[in-house]
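A short worksheet on the structure shown next.
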Amino acid sequence: MEALVATAVGVMTAVGVFLILRLRTFPVVLGTLLLSYAVNLFLFATGRLYIDRAPIFTEAARAYTDPLPQALVLTAIVISFGMTAVVVLLALGAYLDTGTDRIDLARQDDDEDVT
Amino acid sequence: MMNHWIIAPIVLPAFVAAAMVLWMRHDIVLQRVFSLGATSAAFAIALLLMVFASDGGIEVYRLGDWPAPFGIVLVLDRLSALMVLLTALLALIVLLYVIGSGWDRRGPHFHALFQFQIMGISGAFLTGDAFNLFVFFEVMLIASYGLMIHAGGGQRIRAGVQYVVLNLAGSTLFLFALGTLYGVAGTLNMADLALKVASLPAGDQALLRVGATLLILVFAIKAALVPLQFWLPGTYANAPGPVAALFAIMTKVGAYAIIRMFTLVFPTDSAVTGSMFADVLMPLALITLGIGAIGVLGADRLGRLIAFAVIASMGTLFVAVALFTPAGITAALYYLAHSTFAGAALFLILDLVRERRGRAGDRLRAAPPLEQHGLIAAFFFAAAVAMVGMPPLSGFIGKLLVLDATRAAPMAVAIWATILIASLVMLVGFARAGSVVFWKPAPPPKDMEPARAPAPSDALALGAVGAVLAIMVALTVFAGPVNTYMTGISAQLFDTAPYIAAVLPSSGGVQ
């Protein structure tokens, strides 16, 4: 199980890093999404991997798993979900405003105004 | 009985911002009244916290009254009180400028985002929990995304996309770092981390070093330290001027986080990390300073020039931080206060120039003279003198303190040479920019309509710039008392036992 989780985190991180290095906004957004998946899985695993253990106190439970990483993951999921929505809207806005979805800032044309 | 004032700088802007979004979204006057009221109150509270912290005690606020390390704690010590005060003071001045210049009318929700930004920054300074630090970083960043693209425009939104994507990657890195620390040490409370890190078995130390390295990378992104400085010029030069002025404190959040984590949790005498970060930070700080100075010389727009000057100031700041000695941190804190206001002043002046130059914008080329030409030129001159570090303003004293603190450092010759040469290069860059913008006016073209008449409330905007410069004069005049206070802060920082004992009473504070 450890090997499976570790591979999943590794592959998703690698793909995510590859994608955020692309030049167009769509793959970059996908890349940030994959990175957030990877980190959520990673955070979950920091409480060690157990199967069938209770996270909070119950009478019947004999062993417990660490509940804190689950709370951390929940926070991280909420934040990364909101952030993805923001970056999608921004990328769309930039595309509609400038007609290009390239991520790099070209050298500003000398006649273009910044106000 | 806990001191509930400690959480006020977080709760107050949060409620005011939410109220603005819900009930006053169409009423700019009401928004201005509430925003100004809340920011003034935040400033008063920050002064009060400063008084609480000035006796050298460390006050802990346990959220929900859960004992640390199980609950989240806010910690008020001298350093966090100073940072919250700087934030509130800067926010108040920037807000006056925004109202005076009418920037808040150019897009929706400026004041709500502004309050959320203050909430995030104050929270990051007050928290005593590493994961909570992440959450406040996110609050601060989310608000900054909105502020950065305020008033829109294609170029600005594209710069905003870059800024957001970079910070998303940074946040992911932050989570990886926290996960690693938690996986090894089993806690994220900073005081508890300090205890656990000090007593870690040798087998876990390598993993912890990885976590610490990831953590310093995240903070270095925020603090624009080479090689992670590349985002700053595009972001700051494309953000609205007053927003860039507020962002002057955001780079300092990164510096604060490094100072806090790497004096408390990973001090240079720690068995885990030793002096490895100090050894790497010093050359990087010098390169940051060099790149900033070269950028100042090579910039073709005033906005980019000021952004590179901010990078250079972060370089100088980190030269002092990288010593990790009480004298170094004292100098760093004085320089931090100075460079926050110097950067903010320059960005506000940049906005004054941009607004008045019409099509020429902030390009470094001859253009018809500005409205209120003499006053703005004088402002620019004073702010540039402060930023470059020439006498008589606070930049000079700050640089002197940094130079003095590095006298005994192993790389003293390289440090002195870099700082002095970079100052000269920046002096040339600023002199050139100032003379092009203010001294070589082109004759006004005949077919063009006259530049816009200054708005009636421009006096408020100009007054705000004057106030920043007045603060720098005050920092210069009262350099002695300020420096004494900063010495108190760094003494408290390096004496970690009281901090740990205050957060974790049961540990007895033994390390």
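Only the coordinates and a few stated rules stand behind these numbers; no lab work does. All of these numbers come straight from a predicted model, not from anything done at the bench. Cβ sites come from the backbone with ideal geometry, for glycine too, and all protein chains shown count toward neighbours.
Where does helix A:2-20 land angle-wise versus the long Cα axis of chain A, in degrees 0 to 90, nearest 10? With rounding to tens, the tilt is 10 degrees.
For the protein assembly as shown, what is one quarter of the convex hull surface built on the Cα atoms, given in nm²?
Numbers: hull surface 113.7 nm².
Taking a quarter of the hull surface, the average projection is 28.4 nm².
Taking all C-alpha pairs of segment B:1-143, those more than 18 Å from each other amount to 55 percent. Counted by neighbouring Cβ atoms within 10 Å, the residues A:Tyr95, B:Tyr499 run from fewest to most as A:Tyr95, B:Tyr499. Pairwise Cα distances in segment B:144-302 exceed 26 Å for 35 percent of all pairs.
When a/c is below 1.5 the answer is rounded, else prolate if a/b is larger than b/c, else oblate, so apply that to segment B:48-103 with a ≥ b ≥ c taken from the square roots of the Cα gyration tensor eigenvalues.
Details: a/c = 4.54, a/b = 2.03, b/c = 2.24.
The shape class here is oblate.
Once you keep just the Cα pairs under 8 angstrom separated by 6 or more residues, what percentage relative contact order results for segment A:2-114? List each step's numbers first, then the result.
Details: 97 pairs, mean separation 27.1, N = 113.
24 percent.
Restriction of the chymotrypsin sites (Phe, Trp or Tyr not before Pro) in segment A:54-86 to DSSP coil positions whose beta-carbon has at most 11 other beta-carbons within 10 angstrom yields A:Phe57.
Take peptide A:83-96, look around each residue's Cβ out to 10 angstrom, count Cβ atoms belonging to other protein chains, and average those counts. Write down the numbers at each step before the final one.
Working: counts 10, 1, 0, 7, 7, 0, 2, 11, 6, 2, 7, 10, 4, 2.
Partner Cβ neighbours, averaged per residue: 5.
Comparing segment B:227-377 with the 2.2 N^0.38 Å rule of thumb, its C-alpha radius of gyration ratio is 1.18 (two decimals). Under the criterion of Cα pairs below 8 Å and six or more residues apart, the relative contact order for chain B equals 16 percent. Springs between Cα atoms under 10 Å define the GNM used for chain A, and in it the highest mean-square fluctuation of A:Ile20, A:Ile77, A:Ile56 occurs at A:Ile56.
If the viscosity is 1.002 mPa s and the temperature 20 °C, what translational diffusion coefficient in µm²/s does Stokes-Einstein give for chain A when Rh comes from Kirkwood over Cα pairs? Please list the in-between numbers first.
Values: Rh = 16.9 Å.
Using the Kirkwood radius from Cα pairs, D works out to 127 µm²/s.
Listed by Cβ neighbour count within 10 Å, with the fewest neighbours leading, B:His26, B:His111, B:His373, B:His150 appear as B:His26, B:His373, B:His150, B:His111.
Shown for B:Arg260, B:Arg25: other C-beta atoms within 10 Å of each C-beta, ranked fewest to most, produce the order B:Arg25, B:Arg260.
Against chain A, whose longest principal axis is taken from its Cα atoms, helix A:68-98 shows a tilt of about 10°.
Across segment B:8-138, the relative contact order, built from alpha-carbon pairs under 8 Å that are at least six residues apart, equals 35 percent.
With one equal scatterer per alpha carbon and no solvent term, the Debye-computed log10 I(q)/I(0) for segment B:325-385 at 0.15 1/Å reads -0.54.
Among the helices of chain B, those built from whole DSSP H runs whose Cα atoms reach 27 Å or more along their own axis and whose mean Kyte-Doolittle hydropathy is at least -0.5 are B:28-53, B:78-101, B:154-185, B:241-264, B:276-298, B:302-321, B:326-356, B:412-434, B:458-477. Counts of other chain beta carbons within 10 angstrom of each beta carbon in peptide A:70-80 average 4. Available extension along the chain between B:Glu371 and B:Ser275 is 29.2 nm, counting 0.36 nm per residue and deducting the alpha carbon span. The convex hull drawn around the Cα atoms of chain B, when projected onto a plane and averaged over every direction, covers 22.5 nm². Mean per-residue shielding of peptide A:45-52 is 2, counting Cβ atoms of other chains within 10 Å of each Cβ.
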